[in-house]
1. Could you count how many Lys pairs in region 119-194 have their Cα atoms under 18 Å apart, skipping same-chain pairs fewer than 8 positions apart?
2. Suppose the chain between S11 and Y55 were pulled fully straight at 0.36 nm per residue; how much longer would it get relative to their current alpha carbon spacing?
3. Considering amide H positions built from the backbone, and no H for Pro or chain starts, which residues 5 or more places from I176, or on another chain, come under 5 Å of its amide H?
4. Work out, step by step, the length gained on full extension between T159 and E41: first 0.36 nm times the residue separation, then minus their alpha carbon distance; give nm to one decimal.
Amino acid sequence: MTSQSASALRSRYVQQAASDLEENRRLQKELTERIKMLKQEEALLSDIITLAGRYEGLAERQESFADSSRLPEQVTHERPAEPAERETAAPSVKPASHRSASGRSASASSTAQSGAKGKSRQPLLGDLLMDVLGAHDEPRLAKELRDELLDKHPDRKPTPQVVRNTLEGLVAKGRIRRHKQQRSVMYTLVESADRGPTATEAEAVG
């Protein structure tokens, strides 16, 4: 083998090695991006499972609270009557006490009702996101929905993570749908015939 042919052979080996190295690095980059996307999907699936568990636990606690809240009413109805001696001994004191107690009860009831109304006027983040999502026919990114929410409701400033968790909770409840387009996760509103009304819609109807 001449020195010229040996040099040409080394040149081909070097070119082949450089091409293989470039292909190796390209494959490493693809695998890295694939692993990153799989980790994001893993986090989303974990959030769905966690939110679904919390929703079931909340429903059970609400049912338990509804059952236990009946006890005070039963105790009130079964309270024994006042002895007759008290009515005859202090006839002038009892009406004043009764008026005072009823006045305090009415005041407490009014305060509770006003507080409940004040709380009910604050819409839930999920309902606000559904209202924003309902203005679009095409799927929207969580970031786009958050930007529109901040623009329409500057008093509400949820973090991107809170918005994403809320959206995944709505997906778990069947209120919205999740779509994967390439490496992005997007959301669309479920048709109104397939879901119940939001709190905002119910308030408008009422």
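1. 4
2. Between S11 and Y55, full extension yields 9.2 nm more.
3. Excluding prolines and chain starts, which carry no amide H, the hits are V171, V190.
4. Net length gain for the segment: 40.5 nm.
Bear in mind these aren't lab numbers, they're just calculated from the coordinates by the rules spelled out. In this text the structure is predicted, and so the values were computed from the model without any measurement.
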